[in-house]
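**Q** Below is a structure I'd like to ask you about.
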Amino acid sequence: MLQTSRLTKTFPNGTSLRFPDWKVGRGEQWLLLGESGSGKTTLLHMLGGLLRPASGRIVVNGADLYTLPARALDRFRGQHIGIVFQQPHLIRSMTVEENLLLAQSFAGIGKDIFRIREVLHALEMEHKRHAYPQELSQGQAQRAGIARALVNRPALLLADEPTSSLDNRNADAAIRLLSDLAASERSTLIVCTHDDRVKEAFFKDFMFELRHERISNQLEKS
Amino acid sequence: MNAFQISWKNLKANRLTLALNLLLIAFGTGMLAMLLLGMSQVGERLRNNARGVDLVAGAKGSPLQLILSSIYFIDFPTGNISEEDARSLAAHPMVKKAVPLALGDNYAGFRIVGTDTGYVSLYGLELAAGRFWTKPFEIVIGADVARAQELKTGDRIYGSHGLTSDEDLHDDHPYVITGVLKKRGSVADNLVLTSLESVWQMHGADGAREITSMLLQYRSRMAMVALPVTINRSTAMQAASPAKESARLFALIGIGVDAVRWFAVALMLLAGVSVFVSLYNSLRERVYDLAVMRVMGASRGAIFAMIVLEGTLLTALGSLAGILLGHCALHAIGYWQGSPQARMDGLVFLPQEALLLAAGLCIGLVAALLPAIQAYRTDISETMSKI
């Protein structure tokens, strides 16, 4: 499903990061751990097709991301990869529903109001579908951000510190939702975090993550 | 969701900026549209009203004044000429047609013109109702006179002395309306026509009868050179050419029109700068919006097109509003205009207005170009890792 090989990234200041090879199976849920500044976000952006690595390759769902032409990579990202950011970053000039509609049209798949309602319903956001982002609470906005990442049924769902802006209760709910929805949509989930609340939540539900965490710790050391 | 909807929502998110930019563009375009329409209508009126008249002969004085008073019925006449002089000029071999005019009275601001049937045939006037005058004190009125004063054939009216005021009423002799002219879109709509005899009898001139001026048509091209010289040298009259004086008048107005035009162009450019600044500033607030759109699958090209579309949509709407504004303003001016001789009409559309719209689009395009390039270059990863 996801495979990286010999990934490196060179930063403008000259430092260079080497990432160990990584293989993720379909439907698996991974935790990507590490201190801030350790390259978690860099790796996540590379996996999401947002950042071209200096060398190495990333294959997602059978597609070698950085050999695709720019336009095809954009489209691939829209259709197959969902990303949840630290801040929800909803488009402020549009309602929740329009934000999701926009995700459908930029990905080049047809308008599907039913799917939008379904996702919003799953996130208990249906009643807020005509609300503008500034009318939402932090937790609601983050849920809308998750809905937007999920609306196109992505094969790969990436989450970059999805809980850092949330309080305990909301953080817990967000993690549970991400995990449950990814499972029910059969999406592969990778959560990048240094939030202990997330670690604890994952530890309870997906015990096998422990092993992966160690791998990702090695990631940081390299 | 299509590109138009996205751009429009972005524009709408900043209502004040949107309103400011629309206003700036609309005012610039509106002024240009108004000038374009106004000048073309004035020019057309001037040409229409002078059609068929090669030369005007009248009392010595300013030739422009003679043209204004005898063709456009705007200014005061230069004075009077004797009927005898006029008759001998009309009999000149180089003159094909001569139409005498006697001015001096008005009815509710509409000028009463003493003339003969030559005036009717010169301008191709037709009756909407009734018949032409046959006896003294019978009159035919223009379409606008009939409409403004709610007059019909058979009504009686009193003229007053002078060209504008309704004081000094000639209440001893009423005029009888025998006919109403069809609307021509020329000065004739605003005239009260009668025979020369009516004017003379009204003013009790028995011995030396005088007229105000005479409209002349040349018999040949040669007369164009010879006749004005003959009149100016060997008679007590002067000759003025409508074409020449209209051109002079237009050149005089032109200085003012040019100033207003440059002002409007400056306003349009200012609007362009304002659109540029607005888009550029909004980019800073919207870097995340743009990056997130890229994450959602929008290509660099789509982001570029979106910003360009925003700029052009803004200026296109502004220009459209401006053109409408220009028409409304001109119509309003026409409605409240003091001199009915050259009334403006805001309901006429010109093909050149499409150029105004195109200019507006171009300004939007140019103003949006730099912000669009900036947006095109936005690095998603860099933006999103800044939180």
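**Q** What average number of partner chain Cβ atoms lie no more than 10 Å from the Cβ of the residues making up A:106-119? Mind showing how you got there, number by number?
**A** Numbers: counts 11, 3, 2, 1, 0, 1, 0, 0, 0, 0, 0, 0, 0, 0.
Per residue, the average neighbour count from other chains is 1.
**Q** ³J(HN,Hα) across the range A:162-176 via Karplus (A = 6.51, B = -1.76, C = 1.60, θ = phi - 60°), whole Hz, x for Gly/Pro?
**A** Listing the rounded values in order: x, 10, 5, 9, 10, 7, 3, 5, 5, 4, 4, 5, 4, 5, 4 Hz.
**Q** Take every DSSP beta bridge with both residues inside chain A and express the antiparallel ones as a percent of the total, to the nearest 5.
**A** Details: 14 of 28 bridges.
Of those bridges, close to 50 percent are antiparallel.
**Q** Specify the inter-centroid distance of the range A:140-199 and the range B:70-85, based on alpha-carbon positions, in whole Å.
**A** Between the Cα centres of the range A:140-199 and the range B:70-85 lies a distance of 92 Å.
**Q** Just report the Cα centroid separation between the range A:30-100 and the range B:113-131, whole Å.
**A** 83 Å
**Q** Moving on to the next point. If the only charges are +1 at each Lys and Arg Cβ and -1 at each Asp and Glu Cβ, what is the size of the charge dipole of the protein assembly as shown around the Cα centre, to the nearest 20 debye? Each step should come with its number before you reach the end.
**A** Numbers: 62 positive and 56 negative charges, 501 e Å.
Around 2400 debye, computed over the protein assembly as shown.
**Q** Taking 8 Å as the Cα distance limit and 6 or more residues as the minimum spacing, I'd like the relative contact order of chain B as a percentage.
**A** Details: 687 pairs, mean separation 106.4, N = 387.
Over chain B, the number comes to 27 percent.
**Q** Which of the peptides B:174-182, A:150-158 is most tightly packed, and how do the rest follow, judged by the mean count of other Cβ atoms within 10 Å per residue? Numbers along the way, then the final one.
**A** Working: B:174-182: 19.3, A:150-158: 23.1.
Taking the mean over residues of other Cβ atoms within 10 Å, the ranking is A:150-158, B:174-182.
**Q** Would you mind computing, in nm to one decimal, how far apart the modelled labels at residue B:235 and residue A:92 are, each placed 7 Å from Cα along Cα→Cβ?
**A** Here the modelled spin labels are 7.9 nm apart.
**Q** Given contacts defined as C-alpha pairs under 8 Å and at least six residues apart, what's the relative contact order of the range B:55-240, whole-number percent?
**A** On the way: 411 pairs, mean separation 66.4, N = 186.
Computed value for the range B:55-240: 36 percent relative contact order.
**Q** Okay, moving on. Say the cut-off is 32 Å between C-alpha atoms; which of B:135/B:183; B:182/B:244; A:23/B:386; A:40/B:12; B:96/B:135 go over it?
**A** Values: B:135/B:183 24 Å; B:182/B:244 29 Å; A:23/B:386 28 Å; A:40/B:12 38 Å; B:96/B:135 26 Å.
Violating the 32 Å Cα-Cα cut-off are A:40/B:12.
**Q** Please compute how much accessible surface disappears when A pairs with B, both sides summed, using a 1.4 Å probe, and round it to the nearest 100 Å². If you can, show how the numbers build up before the last one.
**A** Working: alone 10920 and 19270 Å², together 27870 Å².
Interface between A and B: roughly 2300 Å².
**Q** Let me have the 222 nm mean residue ellipticity of chain A computed from DSSP H runs of 4+ only, each contributing -39500 (n - 2.57), with the sum over all residues rounded to the nearest 500.
**A** Details: 8 runs with 93 residues, N = 222.
So the helix-based figure for chain A works out to -13000 deg cm²/dmol.
**Q** Based on alpha-carbon centroids, what's the gap between the range B:178-215 and the range B:276-350 in Å, whole number please?
**A** Cα centroid of the range B:178-215 versus Cα centroid of the range B:276-350: 51 Å apart.
**Q** Given labels modelled 7 Å from the Cα in the Cβ direction, how far is it in nm from residue B:182 to residue A:137?
**A** Those two pseudo-labels are separated by 7.9 nm.
**Q** Now for a different question. Can you give me the accessible area per residue for the range A:2-221, using a 1.4 Å probe, in Å²?
**A** Working: 9680 Å² over 220 residues.
With the other protein chains kept in place, the range A:2-221 gives 44 Å² per residue.
**Q** Can I ask one more? May I ask which residue of B:121, B:78, B:225 lies farthest towards the positive end of the charge dipole of the range B:55-240, with charges of +1 (Lys, Arg) and -1 (Asp, Glu) on Cβ and the Cα centre as origin?
**A** B:225
**Q** Please list the non-local residues whose amide H lies under 5 Å from the amide H of residue B:129, H modeled 1.01 Å from N, same-chain partners needing a gap of 5 or more.
**A** B:180
**Q** Rounded to a whole number, what % of the accessible area of the range B:55-240 do carbon and sulfur atoms account for, probe 1.4 Å? Don't skip to the end; give the middle numbers.
**A** On the way: 4240 of 8220 Å².
Within the range B:55-240, the accessible surface is 52 percent carbon and sulfur.
**Q** Output the peptides B:186-194, B:324-332 sorted from most to least packed, where packing is the average of other Cβ atoms within 10 Å over each peptide's residues.
**A** Details: B:186-194: 23.8, B:324-332: 18.0.
In descending order of packing, they fall as B:186-194, B:324-332.
**Q** Return the average number of partner chain Cβ atoms within 10 angstrom of each residue Cβ along peptide B:10-23.
**A** Whole-number average of other-chain Cβ neighbours for B:10-23 is 1.
**Q** With a Förster radius of 22 Å, plug the Cβ-Cβ distance of residue B:4 and residue B:379 into 1/(1 + (r/R0)^6) and report the FRET value to the nearest 0.05.
**A** On the way: r = 27 Å, r/R0 = 1.23.
Calculated transfer efficiency: 0.25.
**Q** Restricting to DSSP H runs of at least four residues, report the calculated mean residue ellipticity at 222 nm for chain B, -39500 (n - 2.57) per run over all residues, nearest 500 deg cm²/dmol. Spell out each step's value before the answer.
**A** Working: 12 runs with 214 residues, N = 387.
That calculation yields -18500 deg cm²/dmol at 222 nm.
**Q** To continue, here is another question. In whole Hz, with x marking every Gly and Pro, tabulate ³J(HN,Hα) for the range A:79-87 from phi via Karplus 6.51 cos²θ - 1.76 cosθ + 1.60, θ = phi - 60°.
**A** 8, 10, 10, x, 10, 10, 9, 4, 9
**Q** Evaluate the charge dipole of the range B:55-240 about its Cα centre and quote only its size in Debye, nearest 20, assuming +1 on the Cβ of each Lys and Arg and -1 on the Cβ of each Asp and Glu. Let's see the in-between values first.
**A** Numbers: 17 positive and 20 negative charges, 218 e Å.
Rounded to the nearest 20 debye, it is 1040 debye.
**Q** Hey, what's the Cα Rg ratio for the range B:55-240 versus the globular rule of thumb, 2.2 N^0.38 Å?
**A** Values: Rg = 16.2 Å, N = 186, 2.2 N^0.38 = 16.0 Å.
Rg over 2.2 N^0.38 Å, computed on Cα atoms: 1.01.
**Q** How much of the DSSP bridge set in the protein assembly as shown is antiparallel, in percent, rounded to the nearest 5? Each step should come with its number before you reach the end.
**A** On the way: 45 of 68 bridges.
Percentage antiparallel, nearest 5: 65.
**Q** Using the Cα gyration tensor of the range B:51-91, with a ≥ b ≥ c the square roots of its eigenvalues, what is the shape: rounded (a/c below 1.5), prolate (a/b larger than b/c) or oblate (neither)? Let's see the in-between values first.
**A** Values: a/c = 2.37, a/b = 1.36, b/c = 1.75.
Verdict is oblate for the range B:51-91.
**Q** Please state, rounded to one decimal and in Å, the Kirkwood hydrodynamic radius that the protein assembly as shown gives when every pair of distinct Cα atoms enters the mean of 1/r.
**A** Values: mean 1/r = 0.0326 Å⁻¹.
Taking the inverse mean of 1/r over all distinct Cα pairs, the protein assembly as shown comes out at 30.7 Å.
**Q** Still on this structure, I have one more. Apply the Karplus parameterisation 6.51 cos²θ - 1.76 cosθ + 1.60, with θ equal to phi minus 60°, to every residue of the range B:231-238 and state each ³J(HN,Hα) to the nearest whole Hz, in sequence, with x for glycine and proline.
**A** So the J values, rounded to whole Hz, are 5, 5, 7, 10, 10, 7, 9, 10.
**Q** Averaged over peptide A:151-163, how many Cβ atoms belonging to another chain are found within 10 Å of each residue's Cβ? Intermediate values should be presented prior to the final figure.
**A** Working: counts 1, 2, 0, 0, 0, 0, 0, 1, 0, 3, 1, 0, 0.
Counting other chains' Cβ atoms within 10 Å and averaging over A:151-163 gives 1.
**Q** Quick check: convex hull over the Cα atoms of chain B, volume per residue in Å³, rounded to an integer?
**A** On the way: hull volume 64.9 nm³, N = 387.
So the per-residue Cα hull volume is 168 Å³.
The values are calculated or read from the model by the stated rules, or taken from the named source; none is laboratory data. Since the structure is predicted, the reported quantities are computational estimates derived from the model, not experimental observations. Note that we place each Cβ from the backbone using ideal geometry, even for glycine, and neighbour counts take in every protein chain shown. Each accessible area value is taken on the protein alone, full model and side chains, heavy atoms only, with ligands, DNA and RNA left out. Shrake-Rupley method; radii C 1.70, N 1.55, O 1.52, S 1.80 Å.
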